[in-house]
Amino acid sequence: MKAKIIDIGVNHETAPVELRECLAGDTGSTKRILGALRDLPCVREGMFLSTCNRIEFLFTSDQASEAKQAILSLMAGLGELQRGVLSSCSYSLEDMDAVKHIFRVASSLDSMVVGEPQILGQIKEAYKQATQEKTSGVIVNRLMHRAFHVAKRVRSETGISASAVSVSYAAVELAKKIFHSLEGKNILLIGAGEMAELAARHLVNNGISSMRVANRTFERAVDVAARFGAKALSFDEIDREILEVDIVICSTAAAEPVITFDRVKKSLRKRRNRPLFFIDIAVPRDVEPKVNNLANVYVYDIDDLQGVIALNVEQRKREALKAERIVQEEVLKFSQWLNTLSVVPTILALQEKADAIIQAELRKSNNLLQHLTHGQKEAVEVLARSIAEKVLNDPILFLKGKAGRAAGDTYLDVARRLFNLDRNQGEKNGFESDDQ
Amino acid sequence: MHYPWFLLALFFDLLATGGYIVYLIKQEKWVSRASFLILTAGFVFHTIFLCRQYAVLGTAPVLDLQSSLSFFAWCIVLVFLVFHLKFRIMVLGSFVAPFAAFLMIISSAMPWTAGPVRPIFKSIWLTVHVTTIFLGNGLFAITFVAAIMYLLQERQIKQKHLGSLYSRLPSLATLDSINHYALICGFPFLTLGMITGSIYAQVALGSYWQWDPKEVWSLVTWLFYAALLHERLTVGWRGRRAAVMSIVCFCILLFTFVGASLWVKGYHSFTSLGAGGA
């Protein structure tokens, strides 16, 4: 009986956030859930993945339908939900569909933001816990290692996670295309807002050397500056500071533009035309649009940044097609590996039989071999073993080669009958007595 | 005649150009590495060709437009290879290699005019003159290429239309500094080339300066580059304006190189330099 690989789960597409919240337990609960999984008699091996966007059970079982019911109950128990509610918004995949699903999840093709990099780390953590709790076995181990491999291939062979899909990442990316490196560059934050601070934070993480914060209310500027280890300024100092800085992030609530065309123009010569990059997150805008027409000055407002992101999302979708092809390839490889598993019991049985014959024959010849030294006895045994190995080598290779082919099962059947591997205990004795 | 070496160089240049274009489209790292090696191999063959020509002619092989173009291409590739060590910008090759290959193709398409060289050309001053001038030209070719790349990239960023070239081209700062370095290195070569040229004219023709059209145009080119360098170093020109200016300068340089040599009569023109000399 061949075990099925099954994946049962809910994700951001099938289940609303409220339901996912119910299911997502605290960090300590994973251990408990894995324990429950291990205790299920119908589940051979398995693992459990829980992130803010998905909950997945991946397991193998000989009794598929029984195991599925058990897992669904286990899952419903997590969130104290009705089974009916859960089964309407969960999915259940079997064998290669499940393999494909796991590969897609690992390479972030199934994520809400396609190409986001966190999911791989989360899966690795989930797998680590499964190995610690010893719920994973041959198939899950292999499957997870292949999944990591697929994710790595997708990352390196496609541009799926190459481009920014958030405003602050897009700003950092643009800044790098203008300044090449952000090291040694200075940044001025005018006004404060959550998004502006996030963009500033990203820029600082990418090597910005110093930062100043200006605000209409000086206290607020001091407040924000303290959080970044920056210098606080009053609004009147902007003109002087604009000569020094390279990147300006604006997000004031002012109705009129704070950065006017003339203001920037007169600073350019004193700046010796060093490039100046305005990131204008404010609505209404803080930087006059025609500032962008000045040489070596670049202005991106929130709509422009959104435009860049939309473009990148499009690009990711195109890259995702490439990634799907990689996944398909790897699913095929995995299925081939899985098929070779089906010949493993027959090969083992062949080897066991050969071993049994060797032992029986040695026992029979015990009297004749009595006068041999210990070393000579060993040599005889080695000789017998290597003869058996050589004889079995070709049939084993042949069976491995036929694994997964259409006629593979027929060959297995023939092999078992040819070598009489499925005899019962009684026949076994008979076989031995026949020989005498 | 060492035509086989020239053909080998041409073939490798074309191969490298193809590779670099494939790299521009496909963005596979190994393609650019392979193209770089091929271009280097082409450069080695080209060097062998030039050395042998030098040995045969007894002077720098630049006496007709055909061989000047090939020498120009060699200088451009030399400068690119040196710049590659400093900047390591693979995509620069996608623009430089086609340019060099283009010059090589024109050169190969022109008739070979072999013949005895007039003794006045067998002067060390001529060799120094043309080598420095051409190295300067090679460096200015790099400023030209970097300026074009800069304008392409700047256009995309300014207009907020980030097309497929956006991710392929290097940052504006990098392109501007390539332009800057190539200009700073190229200008002394040009200056030195003009000084040694005038010394050579004194030695060979008995006069430092004759108001020959090519001399005049060279001076115009020099003045333009001097102006660009001045603006860059003192006023702090950079970016778009510097890029546009270096394109203009290079066009004048090309005119001086080709136009003033072919269409304008003067002792510098290739027809009067021609085999055996008229």
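Here, each number is a calculation from the coordinates, and none is a lab measurement. Computed from a predicted model, the values in this text were never measured in an experiment. Here the Cβ is made from the backbone with ideal geometry for all residues, glycine too, and neighbour counts use every protein chain on show.
Which of the peptides A:74-84, B:6-16 is most tightly packed, and how do the rest follow, judged by the mean count of other Cβ atoms within 10 Å per residue?
B:6-16, A:74-84
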Next item on the list: Could you rank the peptides A:163-170, A:123-130, B:25-32, A:322-329 by their average count of other C-beta atoms within 10 Å per residue, with the highest value first?
Entry: A:163-170, A:123-130, A:322-329, B:25-32
Next item on the list: Can you tell me the 0 to 90 degree angle between the C-alpha axis of helix A:138-157 and the longest principal axis of chain A, rounded to 10?
Entry: 40
Check: Sorting B:Trp211, B:Trp217, A:Trp337 on the 10 Å Cβ count, fewest up front, what's the list?
Finding: B:Trp211, A:Trp337, B:Trp217
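Which of A:Lys68/A:Lys400; A:Lys317/B:Lys29; A:Lys177/A:Lys265 have a Cα-Cα distance over 27 Å?
A:Lys68/A:Lys400
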Next item on the list: Grab the alpha carbons of region B:1-84, take their convex hull, and tell me the volume per residue in Å³.
Entry: 83
Margin query: Under 8 Å for C-alpha pairs, at least 6 residues apart: give me the relative contact order for region A:339-435, rounded to a whole percent.
Written below: 45
Checklist line | Contact order normalised by residue count of region B:115-278, Cα under 8 Å, 6+ apart, percent | finding: 32
Note to self: Given contacts defined as C-alpha pairs under 8 Å and at least six residues apart, what's the relative contact order of region A:4-157, whole-number percent?
What the structure shows: 31
Margin query: Using the Cα centre of region A:174-302 as the reference point, and only Cβ charges (+1 on K/R, -1 on D/E), how large is the resulting charge dipole? Debye, rounded to the nearest 20.
Written below: 580
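Hey, could you get me the Stokes-Einstein D for region A:167-309, Kirkwood radius over alpha-carbon pairs, 20 °C and 1.002 mPa s, rounded to whole µm² s⁻¹?
146
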Notebook entry, point to check: Cα to Cα, under 23 Å, and not fewer than 8 places away if on the same chain: which lysines meet these conditions relative to A:Lys402?
Noted result: A:Lys2, A:Lys4, A:Lys333, A:Lys353, A:Lys390
Item checked: Compactness of the protein assembly as shown as Cα Rg over 2.2 N^0.38 Å, two decimals -> 1.41
Margin query: Between 0 and 90 degrees, rounded to the nearest ten: what's the tilt of helix B:90-109 against the longest Cα principal axis of chain B?
Written below: 30
Check: In the protein assembly as shown, what percentage of the DSSP-assigned beta bridges are antiparallel, given to the nearest 5?
Finding: 45
Next item on the list: Please give the average number of partner chain Cβ atoms lying within 10 Å of the Cβ of each residue in A:229-235, rounded to a whole number.
Entry: 0
Note to self: Over all directions, the average projected area of the alpha-carbon convex hull for region A:4-157 comes to how many nm²?
What the structure shows: 8.1
Notebook entry, point to check: So for A:Thr131, B:Thr17, fewest C-beta neighbours within 10 Å to most, what's the order?
Noted result: A:Thr131, B:Thr17
Notebook entry, point to check: Could you give the angle, 0 to 90 degrees to the nearest 10, between helix A:29-39's Cα long axis and the longest principal axis of the Cα atoms of chain A?
Noted result: 20
Next item on the list: Would you please put B:143-151, B:242-250, A:307-315, A:144-152 in order of how densely packed they are, using the mean number of other Cβ atoms within 10 angstrom per residue and starting with the highest?
Entry: B:143-151, B:242-250, A:144-152, A:307-315
Check: How do A:Asp246, A:Asp286 line up, fewest other C-beta atoms within 10 Å first?
Finding: A:Asp246, A:Asp286
Note to self: Taking beta carbons within 10 Å but only from partner chains, what does the mean come to for residues B:228-241?
What the structure shows: 3
Check: Just counting partner chain Cβ atoms within 10 Å, what average do the residues of peptide A:155-165 show around their Cβ?
Finding: 1
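From the gyration tensor of the Cα coordinates in region B:115-278, what semi-axes in whole Å does the equivalent ellipsoid have, largest first, with each one equal to sqrt(5λ)? Walk me through the numbers before you get to the answer.
Values: eigenvalues 260, 49, 34 Å².
Ellipsoid semi-axes (Å, largest first): 36, 16, 13.
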Margin query: Can you tell me which lysines have their Cα less than 19 Å from the Cα of A:Lys377? Leave out same-chain residues fewer than eight positions away.
Written below: A:Lys364
Next item on the list: Using every pair of alpha-carbon atoms in region B:106-194, split the distances into 10 Å bins beginning at 0 and state the percent of pairs per bin, rounded to integers.
Entry: 16, 28, 25, 18, 10, 3, 0
